[in-house]
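Reviewing the structure listed below.
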Amino acid sequence: MLNDLQKKYSEKGLVILGISTDEEGAPVVKEFMKETPIHYPTFVKTSGLEEKFGGIWALPTTYFYDRSGKQTDKIIGVQTPEYFEKQIQRILK
């Protein structure tokens, strides 16, 4: 779903970033990404990165930011594609 959204809205300015919380680090994440194509940048969690987001304690957690970099929403748990579409359209206006 995130790949589809990235493709659909990238020309309008959408940027999706992933953060892997895998404790085994980059080698495991790179192998996973070979098997599961992800078409947006994905970072491996570090203590500094986690602190920037106020701690990542539940998965999935989704943060929404507007064009100025202001956080507009934080959602914990699985959401529908329709929910993501609504949030993205609101932010990209």
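The values are calculated or read from the model by the stated rules, or taken from the named source; none is laboratory data. Just so we're clear, the structure is a prediction, and the values are computed from it rather than from any experiment. Using ideal geometry, Cβ is built from the backbone for each residue, glycine included, and neighbour counts are taken over all protein chains shown. Protein only, heavy atoms only, side chains kept; ligands, DNA and RNA dropped before computing areas. Shrake-Rupley method; radii C 1.70, N 1.55, O 1.52, S 1.80 Å.
At-a-glance table
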item	result
Residues that are out of contact with any helix residue (DSSP H, G or I) (no Cβ under 9 Å at 6 or more places or on another chain), surrounded by 11 or more Cβ atoms within 10 Å (Cβ to Cβ) and farther than 17 Å from L2 by Cα, drawn from the stretch 53-89	F53, G54, Q71
Residues of the stretch 13-43 satisfying the condition of being touching a residue at least 24 places away in the same chain (Cβ under 8 Å) and open to solvent by less than 50 Å² (accessible area, probe 1.4 Å)	G13, L14, I16, G18, S20, T21, I38, Y40, T42
Enumeration of residues in the stretch 60-82 that are under 18 Å from K12 (Cβ atoms) and among the hydroxyl-bearing types (S, T, Y)	Y65, S68, T72
Among (1) over 19 Å from Q79 (Cβ atoms); (2) touching a Phe, Trp or Tyr at 6+ places or on another chain (Cβ under 8 Å), the one test that V44 misses	(2)
Tabulated pairs, the stretch 65-82, first in contact (Cβ under 8 Å) with a residue 60 or more places away in the chain, second not in a strand (DSSP E or B), C-beta under 6 angstrom, 6+ apart or interchain	P81/M1
